[in-house]
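Trainee: Below are the structure tokens for one structure; questions will follow.
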Amino acid sequence: MISTVIAEALGIEWEKISLGVGFTPSGRFRYHLAKNIVAEINDHEFYMDISIAEGISPYQCIIGQKDLFQKAKVVFEGYKREFDIIFRNFN
């Protein structure tokens, strides 16, 4: 999930994507689901769906498990203040 600010920086015309409504313990939020977006991380290219939420912090990003976590090992090392993404080899 990304904010509309990040979507605009990536060149995604989120206003033209159909609107959905999600729910959290604190209330409802509006989002647009961009399907089959080409992403590239560390020279590895793959497709993913991205939810673009309206009204969240401008630079907020939430990594979901459906796309990235199914394709790569993500190692968080809090004491180093870093993380690493290691893509799996698909045959």
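Trainee: Could you please give the count of residues in segment 44-91 that are out of contact with any helix residue (DSSP H, G or I) (no Cβ under 8 Å at 6 or more places or on another chain), at pLDDT 85 or above and over 29 Å from Arg30 (Cα atoms)?
Mentor: Residues that pass the stated criteria total 13.
Trainee: Restricting attention to segment 56-91, report how many residues are of a type in the set (Gly, Ala, Ser) and over 16 Å from the mean Cα position of the chain (by Cα).
Mentor: Qualifying residue count for the region: 1.
Trainee: Which residue pairs have Cβ atoms under 7 Å apart, sit 6 or more places apart or on different chains, and have a first residue in segment 7-22 that is touching a residue at least 12 places away in the same chain (Cβ under 8 Å) and outside any helix (DSSP H, G or I) and a second that is hydroxyl-bearing (Ser, Thr, Tyr) and surrounded by 12 or more Cβ atoms within 10 Å (Cβ to Cβ)?
Mentor: Gly20/Tyr31; Gly22/Tyr31
Trainee: Kindly check whether there is at least one residue in segment 31-42 that is in a helix (DSSP H, G or I) and in contact with a strand residue (DSSP E or B) (Cβ under 8 Å, 6 or more places away or on another chain).
Mentor: The answer is no; no qualifying residue exists.
Trainee: Moving to a separate point now. Could we say that Phe83 is surrounded by 10 or more Cβ atoms within 10 Å (Cβ to Cβ) and not in a helix (DSSP H, G or I) here?
Mentor: Considered against the rule, which asks whether it is surrounded by 10 or more Cβ atoms within 10 Å (Cβ to Cβ) and not in a helix (DSSP H, G or I), Phe83 comes out as yes.
Trainee: Of everything in segment 19-41, what is within 23 Å of Leu68 (Cα to Cα) and of a type in the set (Gly, Ala, Ser)? Give them in sequence order.
Mentor: Once the filter is applied, which keeps residues that are within 23 Å of Leu68 (Cα to Cα) and of a type in the set (Gly, Ala, Ser), segment 19-41 yields Gly20, Gly22, Ala34, Ala39.
Trainee: Here is a further query. Which count do you get for residues in segment 26-60 that are of a type in the set (Lys, Arg) and either exposed (fewer than 11 other Cβ atoms within 10 Å of the Cβ) or on the phi > 0 side of the Ramachandran plot (or both)?
Mentor: Count: 2.
The values are calculated or read from the model by the stated rules, or taken from the named source; none is laboratory data. All values reported here derive from a predicted model rather than from experimental measurement. Methodologically, a virtual Cβ is constructed for each residue, glycine included, from the backbone with ideal geometry; neighbour enumeration extends over all protein chains shown.
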